[in-house]
1. At a Förster distance of 25 Å, what's the computed FRET efficiency of Asn71 paired with Ser37, Cβ-Cβ distance as r, to 0.05?
2. If r is the Cβ-Cβ distance from Lys155 to Lys8 and R0 is 45 Å, what FRET efficiency results, to the nearest 0.05?
3. Rounded to the nearest 10 degrees, what's the angle between the helix 112-122 long axis and the longest principal axis of the chain, both from Cα atoms, 0 to 90?
4. Cα-Cα over 21 Å: which of Lys62/Lys96; Lys65/Lys130; Lys65/Lys96?
5. Name the long-range amide H neighbours of Lys62: under 5 Å, sequence gap of 5 or more, or other chain; modelled H, no Pro or chain starts.
6. Using a Cα-Cα cut-off of under 19 Å, which aspartates and glutamates could be cross-linked to Lys156, ignoring same-chain neighbours fewer than 8 residues away?
7. Quick one: plug the Kirkwood hydrodynamic radius of the range 104-190 (C-alpha pairs) into Stokes-Einstein at 20 °C, 1.002 mPa s, and report D in µm²/s.
8. Which ³J(HN,Hα) values in Hz, rounded to whole numbers, follow from the phi angles of the range 82-99 under the Karplus curve 6.51 cos²θ - 1.76 cosθ + 1.60, where θ = phi - 60° and Gly and Pro get x?
Amino acid sequence: NIFLDEAKIYDALIKNNVFHEFANNYLFECSNFPLESNIFQITLSLNRKPENAMITVIEESKVKKISVSNNLEHICNLYENTLYLKKKSVPMVDCKIIDGVYEMPFIKGEIANTYLQCLFDNNIDDFFIKFDEYCELIKKSSETYESDNLGIVLKKGFIDLVPINCFYINNQFVFFDQEYCYENLPLNVLIF
């Protein structure tokens, strides 16, 4: 199916400096022969600082995160953030670093974003119960203090504690990919 003839809009995209935002980002490999790879998907995060750019490889049994620049600091931070959150009793997908590559098991589960949206659409009372449960996990992720202007503030705020970086499996929220931590992050930033 052709949804848009890109050639007709190239000039406008370039003129408005948004060509890179609309560049094609998908490669589908199709074959009449069995493929030898067990890779389902590869995602590039190249729109970051070079030292934080990553390749995410999703395979049949595991997910690997590889530093584009071979700078292992970001990979190690991701690993340390996961361990820190586990110590705070925030359910996290298990992980390890092997030869400079961050690995975690492939989880076949519902993303929390989808789960919460379905509750919102079908049972608003259950939505509020589960959303409160979700918010309590975020509060547990850090020491907190109260600010007159900002409400509850997390001393260590993990900006990736969002429903799209979380599964809902076995009646609980389980997080993954906690790459970034900011000091003194208002809880409402994550809630919104």
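1. Working: r = 27 Å, r/R0 = 1.06.
So, using R0 = 25 Å, E works out to roughly 0.40.
2. On the way: r = 52 Å, r/R0 = 1.15.
Taking R0 as 45 Å, the efficiency between Lys155 and Lys8 is 0.30.
3. Helix 112-122 sits at roughly 80 degrees to that axis.
4. Values: Lys62/Lys96 11 Å; Lys65/Lys130 30 Å; Lys65/Lys96 11 Å.
Pairs exceeding the cut-off: Lys65/Lys130.
5. Close amide H contacts, sequence-distant or interchain: Phe106.
6. Output for Lys156: Glu73, Glu80, Glu136, Glu143, Glu146, Asp148, Asp177, Glu179, Glu183.
7. On the way: Rh = 13.7 Å.
Answer, rounded: 156 µm²/s.
8. Working through the residues one at a time gives 4, 5, 4, 5, 4, 5, 8, 6, 8, x, 10, 5, 4, 8, 7, 10, 10, 6 Hz.
Readers should treat all values here as calculations from the given coordinates under stated rules, not as data from a laboratory. Only a predicted model underlies this, so the values are computations on that prediction, with no experimental measurement involved. Neighbour counts are summed over all protein chains in view; Cβ atoms, including those assigned to glycine, are modelled from backbone coordinates with ideal geometry.
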